[in-house]
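> Let me give you the structure first, and then I'll get to my questions.
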Amino acid sequence: MSAASESIGVIGTGYVGLVTAAGFAELGRDVWCVDIDAAKIERLRRGEVPIYEPGLEELLARNSGRVHFSTDLSHALEHAQLLFVAVGTPPTYSGDADLSAVHAVVDAIPASTRHALVMKSTVPCGTGASLQRIFAEQGKAGLGYVSCPEFLREGSAVHDFLHPDRVVVGDDGGWAGDAVAELYAPLQAPLVRTDIASAEMVKLASNAFLATKISFINEIANVCEETGADVVEVARGMGLDERIGAKFLQAGIGFGGSCFPKDVDALKQLAGNSGYHFQLLTAVIEVNDLQKRRVIGKLQRHLGELAGKRVALLGLAFKPNTDDMREASSLVLSARLRAGGAAVSAYDPVAEEQARKLVSGIDFAASSLDAVRDADAAVLVTEWREIVELDWKQVASSMRGRVVIDGRNALDPDTVRAAGLIYEGIGRR
C-alpha cells in the first residue's frame, strides 16, 4: 500500500459512516468524510454530532485532527484509495432496497485503477456483481470492489467497532481485499475472507436469524401467558444450552430500528425475486407486527374501553442508548392508543426531538413522573436505565390508575407490586 492509501475515505456521514470514520481515526488513520448534505457537514465541522450514540462525540473530538469533512468527493479521491460507502439503502414500496444513493456514488467515481469501493451499506445479495457490471459499462473496470458489511449495534456501536466479533471481507482477489483486511488487522478479530455474494448474504442472514430468535421467544411468551409458565424462566433454561445461547431471548413487544425490519424484509424480497417463498421470514414479520398490538389488548383487559383514558409511554426510541425512532414500537402503540380514543403522554430522555418528527397528537413530558401524572396506565416501551430504576412508589402516587405494562420485562415485578401497582409483563406468570 502507498502512503496515500494509509488514509481512507468515507462516503456518507450517517450512523454507520460516522462510527466507521471515528473508529478508524482512533486507530490512527486520517479519514476523509464526504456527504451531499452541506448543513450536516457544517455541523460536523463545528464538532456537532447529529446522532446520539454513546462515546461517538468524544471519539470524534479526540481525533478531530484526523477526521475531515467535505461535500467535495475530490478530497477523498486525492487522499485515499479505499472509499467506504455508507449511504442509506431504505426499502421501497415494493420491498426492494433503494440503491439510488449507491448508484449516485458509483456515477460520481471517476475511472481509476488505484481506488476501490468498500461497501458498508446493507445491500441485497448480488449488488456487488451488478455494480461491477456497471463499472465495466462506464469504462471503470479498473475500480476495485469489496463487500465489508457492518455489524454495529446502535447504543454500543463504538465498542462494537473497536471490539468486533468478526470482520467479513468479500472480494474477487487483488489488492483491495488485502488492503481492507490489513486495515482491520489491529482489531485482532476473526477474519472471514470470502466471495462478494457470500459476504453480502452474511449480513442479511445474521440479522434475519436474530430477528427470528426474537419472534420465536415472543411466541413462547404468548403461549406462556396461556399456560401459566414464565417466559423469563423458560428463556433462562433455554439459554444455558450452548447450541441456543441466552442472547436475543428477551421477550417483549417486538424488534424495531434501522436494521432488523429492513433486513428481514430485504431477504424475504430477495428470495421472492428469485422465485423462492421464504415462509419462515413471513411468520417472523407477522409475529413482530402483532406483538406490538398485544399491548393494546392487555390495556383493554385492565381499563376496558380506552376512550377517555390516559396512557403513559415510558421510552420512545426503539432501544436504549439511541435516539433512533425507525420502526420503534412506540410509533405503533401511540397510533393505536389515539385511534382508540386514549390520551397519550410520553417521555424519552434522548429521542424526543426525533419522535416529534414522526408523532403528533401526544403530550411530550419532561420526565417519567410528568408522563405518568394522572395516567390510568403506564407502558414501559424502552428500557432506559433511568426509567427502569424509577421510584415506583412515586409513580404510584402520581398515577390516577394502577396498571403498569412492562413491555420489555425489564422491571422487578415485586418492586412494582410493592408500590401498590398492578404489574403485567410479557409472558410473565
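Just so you know, all these numbers are worked out from the coordinates, no wet-lab data involved. Treat the numbers as computed from the prediction; the structure is a model and nothing was measured. Note: ideal-geometry Cβ built from the backbone for every residue, glycine included; neighbour counts use all protein chains shown.
> Of all beta bridges DSSP finds with both residues in the chain, what is the antiparallel percent, to the nearest 5?
On the way: 2 of 45 bridges.
Expressed as a percentage, antiparallel bridges in the chain total about 5.
> Tell me which chymotrypsin sites (Phe, Trp or Tyr not before Pro) from region 190-291 have a DSSP coil assignment and no more than 15 other beta carbons within 10 Å of their own. Can you show the working numbers first?
On the way: sites: F209, F216, F248, F255, Y276, F278; in loops: F248, F255, Y276, F278.
Listed in order of number, the matching sites are Y276.
> How high is the relative contact order of the chain, in percent, with contacts defined as C-alpha pairs under 8 Å that are six or more residues apart? Please list the in-between numbers first.
Numbers: 849 pairs, mean separation 51.4, N = 429.
The value is 12 percent.
> Label points 7 Å out from Cα along the Cβ direction at K247 and S94: separation in nm?
So the two model labels end up 3.5 nm from each other.
> Name the GluC sites (Glu not before Pro) in region 267-370 that are in a loop by DSSP and that have at most 12 other C-beta atoms within 10 Å, would you? Mind dumping the intermediate values first?
Details: sites: E286, E305, E327, E352, E353; in loops: E305, E327.
Here the sparse-neighbourhood loop sites are E305.
> Considering only C-alpha atoms, what is the centroid distance from region 1-76 to region 78-134, in Å?
18 Å
> Counting helices only, and only those DSSP H runs with n ≥ 4, report the 222 nm mean residue ellipticity of the chain as the sum of -39,500 (n - 2.57) divided by its residues, in deg cm²/dmol to the nearest 500.
Details: 18 runs with 188 residues, N = 429.
Per the formula, -13000 deg cm²/dmol.
> On to the next question. According to the square roots a ≥ b ≥ c of the eigenvalues of the Cα gyration tensor, what is the shape class of region 4-194, taking rounded for a/c under 1.5, prolate for a/b larger than b/c otherwise, and oblate for the remainder? Could the numbers behind the result be given before it?
Details: a/c = 1.34, a/b = 1.25, b/c = 1.07.
Here region 4-194 falls in the rounded category.
> R0 = 30 Å: FRET efficiency of A38 with L358, Cβ-based, nearest 0.05? The partial results should precede the final answer.
Numbers: r = 24 Å, r/R0 = 0.81.
Rounded to the nearest 0.05, the efficiency is 0.80.
> What chymotrypsin sites (Phe, Trp or Tyr not before Pro) in region 354-425 are in a loop by DSSP, with at most 15 other Cβ atoms within 10 Å of the Cβ? Mind showing how you got there, number by number?
Values: sites: F364, W384, W392, Y423; in loops: W384.
The qualifying sites: there are none.
> What are the lysines whose alpha-carbon lies under 26 Å from the alpha-carbon of K357, with same-chain residues fewer than 8 places away excluded?
Output for K357: K40, K262, K292, K309, K319.
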